[in-house]
1. State all residues of the stretch 108-131 that are touching a residue at least 12 places away in the same chain (Cβ under 8 Å) and open to solvent by 80 Å² or more (accessible area, probe 1.4 Å); if no residue qualifies, say none.
2. Scan the stretch 163-176 residue by residue and report those that are open to solvent by 50 Å² or more (accessible area, probe 1.4 Å) and either assigned to a strand (DSSP E or B) or in contact with a Cys (Cβ under 7 Å, 6 or more places away or on another chain) (or both).
3. Can you name the number of the only condition in (1) of a type outside the set (Gly, Ala, Ser); (2) over 21 Å from the mean Cα position of the chain (by Cα); (3) within 29 Å of Phe189 (Cβ to Cβ); (4) at pLDDT 95 or above that Pro102 fails?
4. Among residues belonging to the stretch 53-79 that are aromatic (Phe, Trp, Tyr) and open to solvent by 10 Å² or more (accessible area, probe 1.4 Å), point out the one that is nearest to Gly186 (Cα to Cα).
5. Tell me yes or no: at least one residue of the stretch 153-162 is within 13 Å of the chain's Cα centre (by Cα), crowded, with 17+ Cβ neighbours inside 10 Å and under 30 Å from Phe31 (Cβ atoms).
Amino acid sequence: MIRNLLLSALLIFSATYGQSQQINSNRTKHFYITPGIEILKSTHRNYFYGGSIKVNYLFLNGLEPGVGIEFAGTSLHKSNHYTLRNLRFFPIYANLKYNIKPLGKISPFAETSLGISINRYKSSYDFGPPEIIQVRESGFYTYLGLGAKFSLTPKIKALLGAGFKGYKMSLNDLDINPHGVSLNLGVTF
C-alpha cells in the first residue's frame, strides 16, 4: 500500500516536471518547499503536535499539486472506552492547493490532502483487565482547509492554515479515529 502511494507521488512529480517544461521555460522557480508545525485539537479535547514537510509545484493557473509527510503524536488519548498511550502517526500524502488571487502581500489558498497514515500506539480497554496491547495499523489520512501565505521577502513566505484533519478516517464508528480541527504554521521558500 505504501509502495503504491510512493509510486503515485513519483508519477505526480514526473507529470509536474514534464508540464513545467511545456508551460514556460523562462520561469526560474516552480517548486516550493514548506516545512511546518502541525497542531490538531481532536474531538476528544486533546492535542496532537507534530511537524510536516510538503513539496509543491506552482502552475500558472494557481494550482499547486505536491506530496508531503507528517509526524504527529500525543502521550494520551481516550476513545471508544479505550485509553491510548504514546500515539504516533506518520501520514504520507498527495497534496493539492489552489491559490486565490493575491491581496497585496497576502495570498489566500484552499488545500486538500489525501493519503495513508501509519499509526502506532498502546491500547488498553477501560472496563476490562489491565492488558496493554501494542497496536500497529494504517488508515486513510485526509485534510481539508483554508489558509494564507504572507510575503516576508520576494522568495520567502510565512504560511498559516486551518482545517479538518483525520488520521484514520472510517465509516466504522468503533474504529480508533483521531480527527479534529488542525492548525498549520509554516514557511514556504
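1. Step one: list which residues in the stretch 108-131 are touching a residue at least 12 places away in the same chain (Cβ under 8 Å), which gives 108-127.
Matches in the stretch 108-131: Leu114, Arg120, Lys122, Tyr125, Phe127.
2. Phe164, Met169
3. Checking Pro102 against (1) of a type outside the set (Gly, Ala, Ser); (2) over 21 Å from the mean Cα position of the chain (by Cα); (3) within 29 Å of Phe189 (Cβ to Cβ); (4) at pLDDT 95 or above, the one that fails is (4).
4. Restricting attention to the stretch 53-79, the residues satisfying the condition of being aromatic (Phe, Trp, Tyr) are 57, 59, 71.
From the residues that got through so far, the ones that are open to solvent by 10 Å² or more (accessible area, probe 1.4 Å) too are 59, 71.
Details: Phe59: 21, Phe71: 14 Å.
The selected residue is Phe71.
5. First pass over the stretch 153-162, keeping only residues within 13 Å of the chain's Cα centre (by Cα): 161-162.
Filter once more, keeping what is crowded, with 17+ Cβ neighbours inside 10 Å: 161.
From the residues that got through so far, the ones that are under 30 Å from Phe31 (Cβ atoms) too are 161.
Yes, because at least one residue in the stretch 153-162 is within 13 Å of the chain's Cα centre (by Cα), crowded, with 17+ Cβ neighbours inside 10 Å and under 30 Å from Phe31 (Cβ atoms).
For every residue, the table says whether it meets (1) among the hydroxyl-bearing types (Ser, Thr, Tyr); (2) in contact (Cβ under 8 Å) with a residue 60 or more places away in the chain; (3) open to solvent by less than 10 Å² (accessible area, probe 1.4 Å); (4) more than 20 Å from Ala158 (Cα to Cα).
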| residue | (1), (2), (3), (4) |
| --- | --- |
| His81 | no, no, no, yes |
| Leu87 | no, yes, yes, yes |
| Ile92 | no, yes, no, yes |
| Asn99 | no, no, no, no |
| Ile106 | no, no, no, no |
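The values are calculated or read from the model by the stated rules, or taken from the named source; none is laboratory data. Every value quoted in this text rests on a predicted model; they were computed, and no experiment measured them. FYI the Cβ positions are ideal-geometry reconstructions off the backbone, even for glycines, and counts take in every protein chain you see. For accessibility, only protein heavy atoms count, side chains too; no ligands or nucleic acids. Shrake-Rupley method; radii C 1.70, N 1.55, O 1.52, S 1.80 Å.
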